[in-house]
Amino acid sequence: IPLKKIIMHKLRMRLKEPFATSFGVMQEKEFYIIEVVDSDGNKGYGETVAFSVPWYTEETVKSNRDIIVDCLIPILREHELYHPDEVFPLFEKLRGNNMAKAAVEGAIWDLYAKRKGISLATALGGEKTEIGVGISIGIQRTVGELISKIEQSLEEGYKRIKLKIKPGLDVEILREVRRHFPDTPIMADANSAYSLKDISLLKELDDLDLMMIEQPLQHYDIIDHAKLQNQLKTPICLDESIHSLYDVEKAIELGSSKVINIKIGRVGGLSESKRIHNYCKKQGIPVWCGGMLEAGIGRAHNIALSALANFILPGDTSGSSRYWEEDIIHPEVIAEKGIIKVPTSPGIGYEINEDALRKFRVERQEYQI
Ligand code: OSB
Ligand code: MG
């Protein structure tokens, strides 16, 4: 893969509405689009997924930029690449910073697939032609608003509803929701807001027939989650605690998690995501693809990954219009009746919308390889 240059486009976009979780409220989204260009003029794209504030993981938009420019681009200058699977071991010498690594590796995967004339999904070994998707709904001001958001999402066809919870806004609300929607696949995501001291409350959640409870406990924990899982019939799904295949192996061994949420950025890229997928498949653990409020490029990568066979459960990759008035790709991602068609054209299968890119861009820098 004859890399020639990398262009970093910094974008600033605004979500249609604020998204509230147990850790905070987000509406402005800043991120980088990483464009890799080869000596034949082919282009591959990746998207950084860290937030401006380090409240989901310790990475930020600025740390992503610094690591890419100061550390990752120099590594690429020193090594010739023949396959994108070679990127992860090169970057592995640096600790952490998985979202920075994933954005660059993702752009190289897209470029590789385009050079081969195959879709990114095919390059990854994905066989599905369409993926089922759900929606993640942030904490709402009132139960009434929440109920109407759920109704609207079900009308749009989303296959499962994920609700954000936090202490004080949990059991009673979920009970009310369950009364309104007795048969809907519902799950709850706590983003690490609880501890084992809350065991009696967490046991009350266990009676609500939830598909799973996502990351109830501390953001690096796999020990207490195992203790909790032992006392619950509802499956626990780890999100924040999973940064690598190593973490997944330990979590499954301990019994901390019966389902795994794979986020490409959190685990350091598509190659590691694929390995986690393969390991979970062998272990009989279903996986699904998590989301980071991505714009179109990040969404396209999630869709390609979700084409792998063991992405059995609907993920969080909703259509572009879920968050954006206007996305930076065309066509935009469409989720019809909760189904997204996996693109078959080369690479990620979506074009950059150059007008939108320019409109949202606040900075552009080029680096020669
Ligand atoms: O925990 O999955 C999460 C959004 C921001 C940070 C963390 C999470 C989320 C979501 C939304 O749940 C996923 C999406 O729709 O992109
Ligand atoms: Mg989560």
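The values are calculated or read from the model by the stated rules, or taken from the named source; none is laboratory data. If you're wondering where the values come from, they're calculated on a predicted model, not measured in any experiment. Cβ: placed from backbone, ideal geometry, glycine included. Neighbour counts: every protein chain shown.
Only one of the numbered conditions (1) without any contact (Cβ under 8 Å) to a residue 12 or more places away in the chain; (2) within 15 Å of ligand 2 (Cβ to nearest atom) is violated by Leu313, and that is (1). Counting only helices (runs of 4 or more DSSP H) that sit wholly inside the range 29-125, those with at least 2 residues that are under 28 Å from Glu325 (Cβ atoms) and modelled with pLDDT of 95 or more are 61-67, 98-116, 120-124. Scanning the range 280-319 for residues that are in contact with a strand residue (DSSP E or B) (Cβ under 9 Å, 6 or more places away or on another chain), surrounded by fewer than 24 Cβ atoms within 10 Å (Cβ to Cβ), assigned to a helix (DSSP H, G or I) and not hydrophobic (A, V, I, L, M, F, W, C) turns up just one, Lys281. Out of the range 330-342, which residues are in a loop (DSSP other than H, G, I, E, B), in contact (Cβ under 8 Å) with a residue 60 or more places away in the chain and of a type outside the set (Val, Ile, Thr)? Ala335, Lys337, Gly338 - these are the residues of the range 330-342 that are in a loop (DSSP other than H, G, I, E, B), in contact (Cβ under 8 Å) with a residue 60 or more places away in the chain and of a type outside the set (Val, Ile, Thr). When the range 302-319 is limited to residues that are within 16 Å of Lys29 (Cβ to Cβ) and touching a Gly at 6+ places or on another chain (Cβ under 6 Å), the one that is farthest from ligand 1 (Cβ to nearest atom) turns out to be Thr317.
Among the candidates Lys203, Lys258, the residue that is away from ligand 2 (no atom under 15 Å from the Cβ) and in contact with a Cys (Cβ under 9 Å, 6 or more places away or on another chain) is uniquely Lys258. Do we find that Tyr32 is crowded, with 19+ Cβ neighbours inside 10 Å and more than 16 Å from ligand 2 (Cβ to nearest atom) in this structure? Yes, satisfied. When Lys281, Lys274, Lys258 are checked against the criterion of being at pLDDT 95 or above and in contact with an Asp or Glu (Cβ under 9 Å, 6 or more places away or on another chain), Lys274 stands alone in meeting it.
Per-residue answers, yes or no, for (1) out of contact with any strand residue (DSSP E or B) (no Cβ under 8 Å at 6 or more places or on another chain); (2) not in a loop (DSSP other than H, G, I, E, B):
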position	(1), (2)
Lys162	no, yes
Val177	no, yes
Thr184	no, no
Tyr194	yes, no
Asp198	yes, yes
Asp207	yes, yes
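Among the residues of the range 343-359, is there at least one that is within 13 Å of ligand 1 (Cβ to nearest atom), in a loop (DSSP other than H, G, I, E, B) and over 18 Å from Ala50 (Cβ atoms)? Looking for residues that are within 13 Å of ligand 1 (Cβ to nearest atom), in a loop (DSSP other than H, G, I, E, B) and over 18 Å from Ala50 (Cβ atoms), one finds none in the range 343-359, hence no.
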